[in-house]
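What follows is a short report on a single structure.
The values are calculated or read from the model by the stated rules, or taken from the named source; none is laboratory data. The model shown is predicted, which means the values in this text are computed figures rather than measured ones. Note that we place each Cβ from the backbone using ideal geometry, even for glycine, and neighbour counts take in every protein chain shown.
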Amino acid sequence: MDRKQYCVKLSVQPSRGLMDEKFIVLIQNALPGSQLTIRALHQCEDGHSWEAFGHYTADTTGTINVSEDPSIGGTYSGVEQMGLLWSFRPIPGSKSGLRMRKKNIQTPMEVTISVYQGHQTEGFADLVPLSGVAVERWYMAPGVRRIPVTEGGLTAALFLPSGPGPFPGLLDLWGGGGQLVEYRAALLASHGFASMAIDYLTAKITMETGKMVDNQYFETAYRVLQQHPQVCGSKIAMIGLSFGTSITLKMAVYSEVIKLSAAVCISGSHVQPVDGSVEEILRFFQKNGEKTRFSEKNEVIWRDLLLPIPTDPSLKVNVGRLQCPLLLVVGEDDQNWPSQESALDIKEMMARAGNSHLLTVLSYPNAGHLIEPPYTPHARSSTLKTVEIEEKVMCLWGGQTVEHSRAQEDAWKKMVVFLRENLYGGRNPTSFSHL
Amino acid sequence: MWSVTRPLLQECTLACYRLLSAMTQAVPPILSITPSRALVDEKFQVLVENLPPGCPVTLHSLHHSEDKDDWEAYGHYVSDHRGVVSVTEDLSFGGTYTGKEPMGLLWSMRPVPGSREGLRLRKINVCTPMLVNISVHSGHEDFRDRTPLASALAERWYMAPGVKRIDINKQGVQGTLFIPPGPGPFPTLLDMWGGGVGLLEYRSALLASRGYVSFSLDYLRSEHLSADVEFKYFETAFNIIRNHPQVIPDRVGILGISLGSTVAFNLTAYSTIIKPRCIVCISSNHYHPPGTTLKAGFKILSKHFHKAHFDENNYMSWRSFGLDLIADPSNNVEVGRINCPMLLVNGCDDQNWPTVETAEEVARLLREGGKEHLLSRLAYPGAGHLIEPPFSPHFRATKFIILNSKKKVILLWGGHTKAHSDAQEDSWRKSLSFLQLHLYHSPSVKAKL
């Protein structure tokens with residue numbers, strides 16, 4: 001085939017999108033019936049390269065539309081509009097245990113999408129593509145502002161949506177790996193929530209004094225958010241993943257200062273010594289360390305540390321006292337935390353207490369622990385350095401890629417709707433009938 | 001269509017405003033623009049949610065230009081029973097545009113009250129986006145007196161990610177080259193602007209974002225010694241581009257607007273070296289007295305300025321004396337010599353030059369030579385001379401500095417905003433599909449052998 005006769009045209013729309021937006025990948029003017037490979041390539045901040053690709057056949061008009069046509073092989077198959085992002089995996093020869101996470105969220109993730117002749121599976125670096133485009137994926141919408149927060153000894157970052165406000169607020173907590181993880185808060189700010197990402201395990205104050213933060217740290221974060229002139233102080237929610245769930249539930253139920261309008265808990269549990277500080281809760285987990293199991297690949301499985309779910313009320317957050325709506329997101333193949341068992345117990349406790357109307361549970365078969373924003377590549381396991389242990393371990397998170405990716409997409413959508421309804425809603429149309 | 005009477009509207013507005021003030025403390029409306037980052041020829045959806053039902057609001061767009069002027073557009077809306085206003089679906093009851101106009105907040109932009117006269121909006125730095133702030137205000141009258149309820153920012157880009165911008169200064173030829181991302185090589189365009197301006201890159205950047213290597217040629221900067229020297233300049237430029245490693249040599253076209261279209265006609269008709277695969281001429285002009293450089297030709301033109309017609313605003317129109325000039329065929333490029341497919345795009349309300357008459361003359365000459373099948377024509381009623389990329393604001397008349405003199409006039413370009421904007425959108429799409437057909441799809445000459 002004389003390449004010059006058929007200038008294959010590849011387009012991706014939008015070429016600049018938010019991380020949770022879909023795109024349409026379209027090939028036109030290919031030789032009808034020809035076999036083509038569409039490949040995405042990304043080099044992340046720590047220098048590792050990731051690739052995803054699908055095998056397609058051009059139709060009689062020489063067109064391939066990734067949102068309508070099936071991939072018959074590659075890193076994903078079937079009709080998968082966003083398969084080129086969620087099926088990303090490290091290129092052959094990369095080291096094991098990698099996980100794709102962006103640290104600098106003020107610049108976009110850059111992805112090159114190219115089309116190659118034939119159904120290729122390897123050696124892409126030596127092939128010349130027929131066509132290629134550059135795509136940008138952003139965590140921050142235009143006009144969203146990032147404000148570092150150090151007030152009251154906090155290590156945090158506040159993301160404000162564009163506009164006059166005031167905006168409902170959100171406290172965003174990640175898990176045992178610590179660090180200030182900003183990308184989810186940046187993306188939620190792009191949806192209209194003033195979101196504060198908080199580092200509570202490796203905060204500056206902890207690194208300097210060697211002491212873990214106490215409950216007041218979170219109350220300070222709440223106060224700082226509440227008092228911000230562009231934040232609607234009466235509409236603040238909290239979202240936590242993994243260990244972040246432990247903090248979220250504790251604050252939601254027991255804090256005299258923090259009054260949440262809603263809470264979202266992803267891949268976590270309510271099991272913890274209820275009067276415990278952050279440090280005491282971590283020690284409680286460590287005590288059960290001998291329940292650690294290992295997979296055949298020697299990956300660490302920590303889900304048993306909190307099992308069986310205790311009956312002792314001093315070891316579980318009393319969710320029966322919860323006064324705000326709670327959304328639980330559970331991956332049924334979570335190998336790191338017993339989130340499914342915990343969700344069932346939470347449901348029972350709330351049914352008995354009579355507040356189960358506040359509870360919504362989203363439970364996904366074959367999804368793992370790391371339920372991230374949509375199209376984030378699935379990591380079934382990755383190396384982890386937690387604050388409790390000095391060396392890195394290979395941690396098994398769980399999940400099967402296709403189902404895990406669908407779970408991320410579905411959970412995010414429902415989570416944004418949940419937050420919208422509870423933080424922006426509350427408007428009863430009938431009360432305006434006089435207008 | 002809803003009939004919204006004034007007293008009812010005022011009452012509604014006051015009630016809503018009171019409600020909104022009380023509620024703003026608790027719950028503001030949400031304004032979203034999707035996509036928030038887009039190319040300038042892409043549409044967006046502007047949506048406001050969480051308003052009280054039946055609430056009069058105004059959507060307002062604001063842009064602060066590189067020249068430090070403020071441009072705005074606005075439309076008056078009423079929310080539905082769900083408290084939603086969708087600019088894509090709902091009707092604007094008034095403002096700078098009315099009716100169902102998804103992109104009205106862009107194309108109906110005009111300088112804010114109190115601005116200087118005769119302004120024109122064009123982006124010089126194409127590597128950064130045009131920023132447009134869109135906000136929603138309560139009420140219709142005097143909406144600017146109230147702080148917005150919500151706002152969002154849109155980025156409008158001329159350059160897609162991965163497009164490369166390269167300054168060219170080679171063999172005396174100057175200009176800016178834009179190369180699409182990807183391995184290449186690519187079909188290519190020589191892009192030529194009109195008279196009276198410096199080098200404008202934005203259309204080239206956009207064409208590169210659509211898959212064409214595009215060269216914005218600076219052809220008015222220097223004073224060429226003779227028509228032959230000037231002609232050679234263009235031929236050299238064409239060769240430099242044709243020989244560029246990222247260019248498919250037999251898939252090079254020419255796109256020109258106004259004076260740029262004159263250049264396109266001239267080169268295609270007379271050059272033995274330049275054989276474009278196709279040409280697109282916007283606001284067609286084939287006036288080019290033989291043996292003159294473009295600047296000399298312009299000087300001849302300016303001798304007719306005393307015959308120019310001035311309208312009631314004292315805006316200057318060249319249309320009528322232009323018609324006299326082109327009546328003499330010896331003044332014009334012999335377009336009948338052209339042998340490649342041509343697309344002519346014109347506005348029927350063009351007050352700057354008799355471009356529709358020019359197109360008709362081109363058609364007649366090609367018909368005589370049995371080549372009418374090469375020609376496609378688009379003539380838009382109500383459109384003026386400055387046919388820009390989609391959603392660009394319409395300029396009916398703007399300041400113009402007469403070449404080589406310090407004299408400033410306000411030139412009447414013509415066009416009525418709504419019709420002109422529709423023409424910009426339609427002609428861009430049709431121009432791209434014409435270029436795609438001739439530069440991407442058509443089989444190579446080699447294939448026929």
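The set of residues from the stretch B:253-287 being over 22 Å from B:G414 (Cα atoms), crowded, with 22+ Cβ neighbours inside 10 Å and touching a strand residue (DSSP E or B) at 6+ places or on another chain (Cβ under 9 Å) comprises B:G253, B:I254, B:V263, B:A264, B:F265, B:L267, B:T268, B:P276, B:C278, B:I279. Taking the condition surrounded by fewer than 18 Cβ atoms within 10 Å (Cβ to Cβ), more than 13 Å from chain B (Cβ to nearest Cβ) and out of contact with any strand residue (DSSP E or B) (no Cβ under 7 Å at 6 or more places or on another chain), does A:G47 pass? Answer is yes for this residue.
Specify which of the listed residues (B:G182, B:G175, B:G195) is in a loop (DSSP other than H, G, I, E, B), more than 10 Å from every other protein chain (Cβ to nearest Cβ) and touching a Leu at 6+ places or on another chain (Cβ under 9 Å). Answer to the selection: B:G195.
Looking only at residues in the stretch A:192-227 that are more than 27 Å from A:S269 (Cβ to Cβ) and within 14 Å of chain B (Cβ to nearest Cβ), the one that is surrounded by the most Cβ atoms within 10 Å (Cβ to Cβ) is A:G192. Just one of the listed residues (B:L386, B:L378, B:L374) is more than 14 Å from chain A (Cβ to nearest Cβ), of a type outside the set (D, E, K, R) and within 24 Å of B:V132 (Cα to Cα), namely B:L386.
Considering every residue within the stretch A:57-65, establish whether at least one is closer than 24 Å to A:I371 by Cβ, in contact with a strand residue (DSSP E or B) (Cβ under 8 Å, 6 or more places away or on another chain) and crowded, with 22+ Cβ neighbours inside 10 Å. Checked against the condition, which is being closer than 24 Å to A:I371 by Cβ, in contact with a strand residue (DSSP E or B) (Cβ under 8 Å, 6 or more places away or on another chain) and crowded, with 22+ Cβ neighbours inside 10 Å, the stretch A:57-65 yields no hits at all. Note on the stretch A:126-169: enclosed strands (runs of 3 or more DSSP E) holding 1 or more residues that are among the β-branched types (V, I, T), more than 12 Å from every other protein chain (Cβ to nearest Cβ) and within 22 Å of the chain's Cα centre (by Cα) are A:145-149.
One residue stands out among those in the stretch B:408-437 that are more than 19 Å from B:S108 (Cα to Cα), modelled with pLDDT of 95 or more and crowded, with 18+ Cβ neighbours inside 10 Å: the one that is nearest to the other protein chains (Cβ to nearest Cβ), which is B:L435. Given the condition touching a residue at least 60 places away in the same chain (Cβ under 8 Å), closer than 16 Å to B:M192 by Cβ and either outside the structural domain of B:I248 (by the TED database) or among the small types (G, A, S) (or both), answer yes or no: does some residue in the stretch B:280-294 qualify? Yes - at least one qualifying residue is present in the stretch B:280-294.
Scanning the stretch B:332-377 for residues that are among the acidic types (D, E) and in a helix (DSSP H, G or I) yields B:E357, B:E360, B:E361, B:E368, B:E372. Applying the set (1) in a loop (DSSP other than H, G, I, E, B); (2) surrounded by fewer than 22 Cβ atoms within 10 Å (Cβ to Cβ); (3) within 22 Å of the chain's Cα centre (by Cα) to A:V361 leaves exactly one unmet item: (1).
The rows are residues; the columns are (1) in a strand (DSSP E or B); (2) of a type in the set (K, R); (3) in the same structural domain as A:K413 (by the TED database).
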{"position": "A:K22", "(1), (2), (3)": "no, yes, no"}
{"position": "A:L26", "(1), (2), (3)": "yes, no, no"}
{"position": "A:D46", "(1), (2), (3)": "no, no, no"}
{"position": "A:G62", "(1), (2), (3)": "no, no, no"}
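Here's the yes/no breakdown for (1) under 25 Å from the mean Cα position of the chain (by Cα); (2) assigned to a loop (DSSP other than H, G, I, E, B):
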{"site": "A:C265", "(1), (2)": "yes, no"}
{"site": "A:G276", "(1), (2)": "no, yes"}
{"site": "A:I281", "(1), (2)": "yes, no"}
{"site": "A:K297", "(1), (2)": "no, yes"}
{"site": "A:V329", "(1), (2)": "yes, no"}
{"site": "A:Q335", "(1), (2)": "yes, yes"}
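Look at A:V274 and say whether it is surrounded by fewer than 24 Cβ atoms within 10 Å (Cβ to Cβ), touching a Ser or Thr at 6+ places or on another chain (Cβ under 6 Å) and modelled with pLDDT under 95. Taking the combined requirement at face value, the residue satisfies it. Restricting attention to the stretch B:135-167, the residues that are touching a helix residue (DSSP H, G or I) at 6+ places or on another chain (Cβ under 7 Å) and within 30 Å of A:Y424 (Cα to Cα) add up to 5.
Just one of the listed residues (A:L241, A:L260, A:L322) is within 15 Å of A:M349 (Cβ to Cβ), in the same structural domain as A:V416 (by the TED database) and in contact (Cβ under 8 Å) with a residue 60 or more places away in the chain, and it is A:L322. Every listed requirement among (1) free of Cβ contacts under 8 Å to residues at least 12 places away in the same chain; (2) assigned to a strand (DSSP E or B); (3) of a type in the set (D, E) is met by A:D172 save one, (1). A single entry from A:A379, A:A367, A:A351 fulfils the requirement of being part of a helix (DSSP H, G or I), of a type outside the set (D, E) and more than 14 Å from chain B (Cβ to nearest Cβ): A:A351. Considering only residues in the stretch A:364-392 that are charged (D, E, K, R) and modelled with pLDDT of 95 or more, the one that is surrounded by the most Cβ atoms within 10 Å (Cβ to Cβ) turns out to be A:E372.
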